[in-house]
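These notes concern the structure reproduced below.
Every number in this text was worked out from the coordinates using simple rules, so none of it is lab data. All values reported here derive from a predicted model rather than from experimental measurement. Cβ coordinates were reconstructed from backbone atoms using ideal geometry, including for glycine residues, and neighbour counts include every protein chain displayed.
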Amino acid sequence: MALLVVEDLHKRYGKEEVLKGVSFTLERGETKVIIGPSGTGKSTLLRCINRLTEPDRGRIWLNGEEVTSRRTNIYRIRAQIGFVFQDFNLFTHLTALDNVRLGLIRVKRMDKRAATERAKRELERVGLADKANAYPAQLSGGQQQRVSIARALAMDPKLILFDEPTSALDPELIGEVLQVMIELAEGGMTMLVVTHEMGFARSVADEIIFMEKGVIVEQGPPEVLFTNPRVPRTAEFLRKITEFYGESG
């Protein structure tokens with residue numbers, strides 16, 4: 001069974017139907033990248049997966065357990081899903097170390113010493129061992145996002161969701177975050193990534209999903225979507241976004 005199964009997901013805000021029956025699967029160790037125009041439901045889809053946003057209709061399973069069942073303990077599910085947001089979501093009054101170890105102490109009930117050691121290892125993993133005692137305001141945007149990734153990794157997630165993790169960064173800081181994500185993909189982490197970084201998508205994704213107007217228009221391996229998409233709209237979108245951002249965008 002796939003690690004993540006999304007079946008016929010719908011979400012409406014007032015008169016606007018944001019998701020119109022989205023279905024896909026994600027295998028263990030797979031990196032799947034979701035692309036598409038702004039406002040097409042990509043971020044809403046991610047938020048529905050761990051029910052930060054409640055879907056109106058459809059079903060989701062993680063590791064064989066139905067996430068969308070009202071009998072499911074959603075807090076236990078969320079502990080298995082890392083979420084890296086575009087705006088970092090760090091606690092500004094806590095150091096990088098404290099931001100990473102907080103969930104270990106409060107959610108996993110680890111003692112402070114063990115949580116501290118684990119948090120230090122994850123900060124080292126993302127190249128920030130020397131920034132453990134720094135506060136978010138003392139870190140660059142790229143460093144703050146790497147702390148966010150370390151925080152997600154510390155919880156031993158089965159899946160990490162990335163919601164445009166580089167969109168708030170200055171161009172020269174994007175590479176350091178993408179490098180961490182590349183290393184995670186190469187290490188077998190299961191990841192679902194919403195991004196405009198076409199270079200990353202082309203080189204790292206096992207499959208790309210192109211969404212527009214709340215539906216999946218086309219999906220397939222990057223070598224197919226980038227060279228021979230079957231849907232003209234996919235080709236048009238990739239041409240325009242590559243012209244705007246460049247191959248690295």
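Looking at segment 161-173 only, could you name the residues that are free of Cβ contacts under 8 Å to residues at least 40 places away in the same chain and either out of contact with any Gly (no Cβ under 9 Å at 6 or more places or on another chain) or not in a loop (DSSP other than H, G, I, E, B) (or both)?
PRO171, GLU172, LEU173
Restricting to segment 64-113, name every residue that is in contact with a strand residue (DSSP E or B) (Cβ under 7 Å, 6 or more places away or on another chain) and part of a loop (DSSP other than H, G, I, E, B).
Let us first name the residues in segment 64-113 that are in contact with a strand residue (DSSP E or B) (Cβ under 7 Å, 6 or more places away or on another chain), namely 66-68, 72, 77, 80-86.
Selection gives VAL67, THR68, THR72, GLN80, PHE85, GLN86.
For every residue, the table says whether it meets (1) more than 15 Å from VAL84 (Cβ to Cβ); (2) not charged (D, E, K, R).
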| site | (1), (2) |
| --- | --- |
| GLY103 | no, yes |
| MET110 | yes, yes |
| ASP130 | yes, no |
| LEU153 | no, yes |
| PRO157 | no, yes |
| SER167 | no, yes |
| THR190 | no, yes |
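So that you can scan it fast, the table gives a plain yes or no per residue for (1) at negative phi; (2) in contact with a helix residue (DSSP H, G or I) (Cβ under 8 Å, 6 or more places away or on another chain); (3) surrounded by fewer than 13 Cβ atoms within 10 Å (Cβ to Cβ); (4) not polar (S, T, N, Q):
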{"residue": "LEU26", "(1), (2), (3), (4)": "yes, no, no, yes"}
{"residue": "GLU66", "(1), (2), (3), (4)": "yes, no, no, yes"}
{"residue": "GLN86", "(1), (2), (3), (4)": "yes, no, no, no"}
{"residue": "ARG118", "(1), (2), (3), (4)": "yes, yes, no, yes"}
